[in-house]
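These notes are about the structure you will find just below.
What follows is calculated from the coordinates using simple rules that are stated; it is not laboratory data. In this text the structure is predicted, and so the values were computed from the model without any measurement. FYI the Cβ positions are ideal-geometry reconstructions off the backbone, even for glycines, and counts take in every protein chain you see.
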Amino acid sequence: MKTTIARKSVLGIAGLAVAGGLAAGPLNHGTAESTATDHTVAVVQADKPAVDKGKLIPHGVQGDQSRIDLNDEQTGNVKAIIAATKKSGLDERAAVVSIATSLQESKLENLGHLGDRNDHDSQGLFQQRPSSGWGTVEQITDPEYATMAFLKGLKQVDGWQDMPLTKAAQTVQVSAYPDHYAQWEQQAADLVAKHWNS
């Protein structure tokens, strides 16, 4: 509650300062722009608190870490996973587990059926299978639906918050390669830190 009150106070003061700067603009041509710009930055920073990085990787990373460069589509999928995580009422750690899982399963690409290269009927960001009850093809290739389905499974894992990432992810995914999720934990945490409040 104190945070909300403080936030409203900061935003109110910054808003007055910006409004004052804009109102003074026509009168003070030389300084109005820099005044308004400086206060706008303060508002943005006050509105976007930093993510507690200790919550992102509470157990430390396991093993060697992998990293890939993301294109716009993959970054959009990161943001979709984060939005769905927030919608489900889960925290930043759940987003880290989800993004790491998707990095392993699809490299954050919303994959359709890959023909001969397909793993059975797996599709989407999490390589979920319609034949295993994850949903229809249309559903599991929708990033929000796929993430919500993954998170529903995660919520059913008792104590997932206290598990290493790879064990939590594996309990939901039941992969043939259970230890492979761990390699994406640092990149997933970095992505959540960057996009959680954006």
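Using 7 Å Cα-to-Cβ label points, what is the R67/D190 separation (nm, one decimal)?
0.3
Could you give me the radius of gyration and the Dmax of region 78-198, taking only the C-alpha atoms into account and expressing both in angstrom?
When restricted to Cα atoms, region 78-198 yields Rg and Dmax of 13.1, 40 Å.
Of S88, G112, L70, which is farthest along the charge dipole of region 65-161 in the positive direction, counting Lys and Arg as +1 and Asp and Glu as -1 at C-beta?
S88
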